[in-house]
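The values are calculated or read from the model by the stated rules, or taken from the named source; none is laboratory data. Please read all numbers here as calculations on a predicted model, not as lab measurements. Methodologically, a virtual Cβ is constructed for each residue, glycine included, from the backbone with ideal geometry; neighbour enumeration extends over all protein chains shown.
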Amino acid sequence: MSWFGVVPVALVVVGWLWGPGLPVGLLLGLRGIALFALAPVFGVAVVASAAVVARLVGVAWSVPVALVASAVAAGLAGVVAVLARRGDFLAVRADPRRVWLVAAAGLSPAVALAAVAVVRAVGAPDAISQVFDTPFHYNALAHVLDSGDASSLTVNAVGDPETPTAFYPAAWHDLTSLVVMSTGASIPVAANVVCAVVVVLVWPVGCLLLVRQLFGRDPVALAVAGVLSIAFPAFPWDLFGWGVLWPNLLGLALAPAGFALVLTVTGWVADDCLGRGRAWLLLAVAVGAAGFAHPNVVFSLIALSVFPAGAAVYVRARGLRAGGRARRGLVECAVFVGVVFGGWLWAATTPALAEVRNWNAWKSFETPAAAVGEVALNATNQRDALWLLSALVVVGAVTARRRPAIRWVVAGHLVSGVLYVLAAALNRPDTDLLTGYWYSDSHRLAAMLPITGVPLAVAGVLALSARVAPRVRRLGVAGVAVGLTAALVVLTGGLYPGDREARVAVTYPKAERDKLVPDRTREFYARVARHVPEDSVVLGNPFDGSVYLWALTGREVLYSHLLKPLSAEQEYLARNLHRAAGDPRVCAALARYRAGYVLIARDDPAIVGVEPYGGVAGVPRAAGFELVDREGPARLYRITACR
């Protein structure tokens with residue numbers, strides 16, 4: 001399978017991301033960069049909320065349901081537009097055509113470079129991601145397709161009625177399931193293409209909106225923003241491969257647009273193309289979309305927003321004091337401090353976030369000094385230093401005094417850097433009170449740095465161009481800026497492609513010995529699907545790769561991901577399956593779960609001994625199991641003990 005063959009799938013992804021949002025944005029008066037950057041925010045919000053409502057009213061998730069939800073959203077936007085028509089709340093603030101044409105021209109090389117990086121890193125478009133969290137995401141998609149339930153309130157159980165339901169951000173799964181339904185693409189293809197579109201388009205256009213608000217209609221800033229947006233490996237590239245954290249990838253790709261809205265409502269923009277009143281409405285939608293994509297993106301926006309919001313409250317208090325209303329200004333400042341401190345205190349103590357706060361899978365791995373250096377050199381998580389790109393960020397930060405709005409971007413950058421240092425170098429119970437909302441994961445926290453790093457790098461290019469331009473008068477500032485950016489691309493071999501691609505490729509092993517599901521085993525799974533009836537559930541040790549059977553063939557597995565919480569009966573079955581011929585409790589459990597087959601994908605001793613799946617490992621030597629098919633170490637057994 002070639003990437004050219006999945007171009008139609010990519011166009012469908014673009015349709016589901018932008019389609020629901022474009023009419024909404026048009027009705028709300030958005031045009032140009034603002035419309036194109038905020039349409040995916042609306043798209044994610046509409047699709048994810050529609051999946052929840054469909055579950056609540058008992059309607060199966062499907063393409064028609066999503067289309068109806070899109071029409072309803074457009075209708076509601078139309079109502080808002082009619083109600084607000086008498087004022088300038090939704091007045092159109094269209095940029096001249098040359099502004100968005102320059103932005104589009106600057107975006108083109110970024111799209112090309114990003115697309116090449118994705119193709120090189122992933123390999124074939126149907127390549128399987130084979131890391132820790134992938135089975136959950138794949139099988140959650142398989143469950144959505146089988147059951148028609150895509151709600152963020154239930155998808156965490158992956159269809160198991162014995163797993164307590166809880167909120168899990170399912171926007172990525174909702175979107176990807178629509179792509180599968182619309183195109184017939186396989187789950188791996190749909191997942192890869194959705195992530196590719198997020199990296200190649202959603203993130204860069206969000207950065208364009210942020211730069212547009214911070215630098216106004218400056219064509220130079222807009223021309224270089226697209227290319228610089230894909231230069232930071234920490235995001236979006238790292239979250240494409242790390243984990244894998246695909247829901248986080250989608251959510252954080254929306255964050256630049258959300259941060260642009262925050263700066264708009266707080267007044268820290270150079271030339272507003274949104275309007276403060278409308279930005280409040282859009283910010284509410286953006287927060288909802290971020291929450292459905294991944295809640296820690298909401299915490300990221302809060303962390304980035306504390307200083308610009310506080311500065312706005314302070315400036316307002318000074319104005320009130322000058323007008324003889326000092327007491328009110330003090331009250332507003334006190335309320336702001338109380339809200340910030342009270343919100344943090346709630347987050348640090350509420351049981352609702354206890355599991356996330358107390359997640360202790362990650363340990364510190366370096367000294368504080370090393371972590372600080374990594375932030376400064378964009379070398380987070382012990383990667384190579386990006387000297388030229390980091391120099392642009394530093395220059396942009398140093399020149400921030402000339403642009404008031406950029407000062408608060410610098411503050412946000414420092415906040416992200418401090419959080420990363422705490423996670424990478426300390427990671428103690430006390431630091432969890434600040435970093436726990438991101439699982440104290442250095443990768444998730446490092447991914448925040450490019451949100452502010454991109455506009456700072458743009459500021460650096462502008463500052464250097466202004467210095468150099470008088471000496472190269474024939475080129476002018478615009479020519480020098482484009483030349484500097486082109487030089488960065490050339491001198492870094494295409495914006496550090498090795499680092500970018502390595503961060504993605506970690507989840508797509510190329511050597512057969514490194515794959516949990518080698519190509520030979522994947523072909524065997526296709527034969528397994530012919531042996532196993534559609535209504536039968538397959539048992540297996542999820543750590544040996546059998547967990548991928550559901551997503552790859554549509555045959556449901558009981559143990560559907562590596563961290564699946566097991567009920568007492570499910571654990572008993574996993575430990576004692578090999579005793580089926582003499583244990584009525586095992587047979588009763590098999591009947592309860594409709595399990596008729598056992599899949600053993602490999603016989604690696606390190607995997608065979610994983611608890612509590614010892615009963616699965618004992619099947620080949622036990623009575624009551626008939627070998628149906630095999631390919632190398634992979635074997636399929638029919639359970640005959642309980643007939």
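Of all positions in segment 71-84, none carries a residue that is touching a residue at least 40 places away in the same chain (Cβ under 8 Å) and in a loop (DSSP other than H, G, I, E, B).
The set of residues from segment 51-67 being without any contact (Cβ under 8 Å) to a residue 12 or more places away in the chain, exposed (fewer than 14 other Cβ atoms within 10 Å of the Cβ) and assigned to a helix (DSSP H, G or I) comprises VAL57, PRO64.
The requirement of being at pLDDT below 95 and not in a helix (DSSP H, G or I) is fulfilled somewhere in segment 565-581, by at least one residue. Note on segment 280-304: residues that are more than 20 Å from ALA34 (Cα to Cα), in contact (Cβ under 8 Å) with a residue 24 or more places away in the chain and assigned to a helix (DSSP H, G or I) total 11. Restricting attention to segment 412-424, the residues that are under 19 Å from PHE259 (Cβ atoms), of a type in the set (A, V, I, L, M) and in contact (Cβ under 8 Å) with a residue 40 or more places away in the chain add up to 2. Here ASN360 fulfils each of the conditions (1) farther than 27 Å from VAL155 by Cβ; (2) in a loop (DSSP other than H, G, I, E, B) apart from (1).
How do the pairs read when you match residues in segment 606-624 that are charged (D, E, K, R) with residues anywhere that are buried (at least 16 other Cβ atoms within 10 Å of the Cβ), using Cβ under 9 Å and keeping only pairs 6 or more apart or on different chains? Between residues of segment 606-624 that are charged (D, E, K, R) and residues that are buried (at least 16 other Cβ atoms within 10 Å of the Cβ), the close pairs are GLU611/ALA574; GLU611/ARG575; ARG621/HIS578. Run TRP172 past the list (1) closer than 21 Å to TYR559 by Cα; (2) within 21 Å of the chain's Cα centre (by Cα) and report the number of the one that doesn't hold. Checking TRP172 against (1) closer than 21 Å to TYR559 by Cα; (2) within 21 Å of the chain's Cα centre (by Cα), the one that fails is (1). Scanning segment 580-625 for residues that are of a type in the set (A, V, I, L, M) and surrounded by fewer than 16 Cβ atoms within 10 Å (Cβ to Cβ) yields ALA581, ALA588, ALA591, ALA606, ALA623.
Among the residues of segment 234-244, is any charged (D, E, K, R), modelled with pLDDT of 95 or more and in contact with a helix residue (DSSP H, G or I) (Cβ under 6 Å, 6 or more places away or on another chain)?
yes
Name the helices (runs of 4 or more DSSP H) wholly within segment 391-459 that hold at least 2 residues that are in contact with a helix residue (DSSP H, G or I) (Cβ under 7 Å, 6 or more places away or on another chain) and closer than 25 Å to LEU107 by Cα?
Result: 404-421.
The sole residue among GLY243, GLY226, GLY288, GLY267 that is on the phi > 0 side of the Ramachandran plot and within 23 Å of the chain's Cα centre (by Cα) is GLY243. Residue pairs whose Cβ atoms lie under 6 Å apart, separated by 6 or more positions or on different chains, with the first residue in segment 207-222 and of a type in the set (Asp, Glu) and the second surrounded by fewer than 24 Cβ atoms within 10 Å (Cβ to Cβ) and outside any helix (DSSP H, G or I), do not occur. Would you check which residues across segment 50-102 are among the basic types (Lys, Arg) and farther than 21 Å from THR176 by Cβ and list them? Of everything in segment 50-102, those that are among the basic types (Lys, Arg) and farther than 21 Å from THR176 by Cβ turn out to be ARG85, ARG86, ARG93, ARG97, ARG98.
For segment 122-135, a residue qualifies if it is buried (at least 22 other Cβ atoms within 10 Å of the Cβ) and not polar (S, T, N, Q), and the qualifying residues are VAL122, PRO125, ILE128, PRO135.
Among residues belonging to segment 467-481 that are under 36 Å from the mean Cα position of the chain (by Cα) and over 13 Å from ASP218 (Cα atoms), point out the one that is surrounded by the fewest Cβ atoms within 10 Å (Cβ to Cβ). Per the criteria, the residue is GLY479. Which pairs turn up if I take residues in segment 469-493 that are assigned by TED's automatic domain parsing to the domain that holds GLY226 and look for partners that are surrounded by 18 or more Cβ atoms within 10 Å (Cβ to Cβ) and not in a helix (DSSP H, G or I) with beta carbon separation below 9 Å, at least 6 apart in sequence or on another chain? Taking only residues 6 or more apart or on different chains, the pairs are LEU488/ALA231; LEU488/LEU495; VAL489/ALA231; VAL489/LEU495; THR492/ALA231; THR492/LEU386.
In segment 88-104, the residues that are farther than 12 Å from LEU222 by Cβ reach residues that are among the basic types (Lys, Arg) and in a helix (DSSP H, G or I) with C-beta atoms within less than 8 angstrom, at least six apart or across chains, in these pairs: PHE89/ARG278; LEU90/ARG278. Restricting attention to segment 11-50, the residues that are of a type outside the set (S, T, N, Q), assigned to a helix (DSSP H, G or I) and closer than 29 Å to GLY159 by Cβ add up to 13.
Taking each residue of segment 425-442 that is free of Cβ contacts under 8 Å to residues at least 24 places away in the same chain and on the phi < 0 side of the Ramachandran plot and looking for partners that are crowded, with 23+ Cβ neighbours inside 10 Å and part of a helix (DSSP H, G or I) with beta-carbon atoms closer than 7 Å, six or more apart or interchain, yields THR431/LEU422; LEU434/LEU419; LEU434/LEU422; THR435/LEU419; THR435/LEU422; THR435/ALA423; THR435/LEU445.
Among residues that are within 27 Å of PRO236 (Cα to Cα) and buried (at least 18 other Cβ atoms within 10 Å of the Cβ), GLY106 is included. Just one residue in the set ALA257, ALA231, ALA185 is over 15 Å from ALA459 (Cβ atoms), at pLDDT 95 or above and part of a loop (DSSP other than H, G, I, E, B); that residue is ALA185.
Applying the condition of being part of a loop (DSSP other than H, G, I, E, B) and surrounded by 17 or more Cβ atoms within 10 Å (Cβ to Cβ) to segment 85-103 and asking which residue is modelled with the lowest pLDDT yields PHE89. Of all residues in segment 600-643, which are of a type in the set (Gly, Ala, Ser) and over 39 Å from the mean Cα position of the chain (by Cα)? Correct list: GLY618, ALA622, ALA623, GLY624, ALA641.
Which of the residues spanning segment 14-36 are within 20 Å of ALA196 (Cα to Cα) and not aromatic (Phe, Trp, Tyr)?
VAL14, GLY15, LEU17, GLY19, PRO20, GLY21
The one condition from (1) among the basic types (Lys, Arg); (2) surrounded by 17 or more Cβ atoms within 10 Å (Cβ to Cβ); (3) not in a loop (DSSP other than H, G, I, E, B) that ARG328 does not meet is (2).
Does segment 9-20 contain at least one residue that is under 22 Å from TRP280 (Cβ atoms) and either out of contact with any Asp or Glu (no Cβ under 9 Å at 6 or more places or on another chain) or buried (at least 17 other Cβ atoms within 10 Å of the Cβ) (or both)?
Within segment 9-20 (the criterion being under 22 Å from TRP280 (Cβ atoms) and either out of contact with any Asp or Glu (no Cβ under 9 Å at 6 or more places or on another chain) or buried (at least 17 other Cβ atoms within 10 Å of the Cβ) (or both)), the answer is yes, since at least one residue qualifies.
Summed over segment 202-222, residues that are among the aliphatic types (A, V, I, L, M), in contact with a Lys or Arg (Cβ under 9 Å, 6 or more places away or on another chain) and within 14 Å of ALA405 (Cα to Cα) total 1.
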